[in-house]
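The values are calculated or read from the model by the stated rules, or taken from the named source; none is laboratory data. Keep in mind that what you see is a predicted model, and the values were worked out from it rather than measured. Note: ideal-geometry Cβ built from the backbone for every residue, glycine included; neighbour counts use all protein chains shown.
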Amino acid sequence: MNGTIVNFRGGKHTQTNNQMVILAEGVSTKDGAAKLVGKSVTWASIGKLKKTITGKITAVHGKNGAVKVLFEKGMPGQSVGQKVQIN
């Protein structure tokens, strides 16, 4: 299953660099997103080096099918808007 990185998870004055909000394709409800909790997520960088960063879906974010993902290390800014693989 594929998904799209929407943004960093953050508050009014802070931003957590290793937590992202992701929209999964074909999921549009809170119940559908709850079934994804616990699955792993992989992001592959574009360019020559092809680095991958893995993470885990930890919780539902909102009512429209978005989920929170905790990655192993901080994500680069160019990852926002790119595709991820949900396993």
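Return the residue satisfying two criteria in turn: it lies in the stretch 41-78 and is under 10 Å from the mean Cα position of the chain (by Cα) and closer than 14 Å to Asn2 by Cβ, and of such residues it is surrounded by the fewest Cβ atoms within 10 Å (Cβ to Cβ).
Thr42
Condition (residue is closer than 19 Å to Asn87 by Cα, surrounded by 14 or more Cβ atoms within 10 Å (Cβ to Cβ) and touching a His at 6+ places or on another chain (Cβ under 7 Å)) applied to the stretch 15-27: is it met by at least one residue?
yes
What are the pairs, 6+ residues apart or on separate chains, where a residue within the stretch 65-77 that is on the phi > 0 side of the Ramachandran plot has its Cβ under 6 Å from a residue that is of a type in the set (Gly, Ala, Ser)?
Taking only residues 6 or more apart or on different chains, the pairs are Gly65/Ser28; Gly65/Gly32; Gly65/Ala33.
Counting only residues that are modelled with pLDDT under 95, at positive phi and either in contact with a Cys (Cβ under 6 Å, 6 or more places away or on another chain) or not basic (Lys, Arg) (or both), how many does the stretch 29-61 have?
1
Within the stretch 28-53, can you find the residues that are in contact (Cβ under 8 Å) with a residue 24 or more places away in the chain and polar (S, T, N, Q)?
If the condition is that a residue be in contact (Cβ under 8 Å) with a residue 24 or more places away in the chain and polar (S, T, N, Q), then Ser28, Thr29, Ser40, Thr42, Ser45 are the ones that fit.
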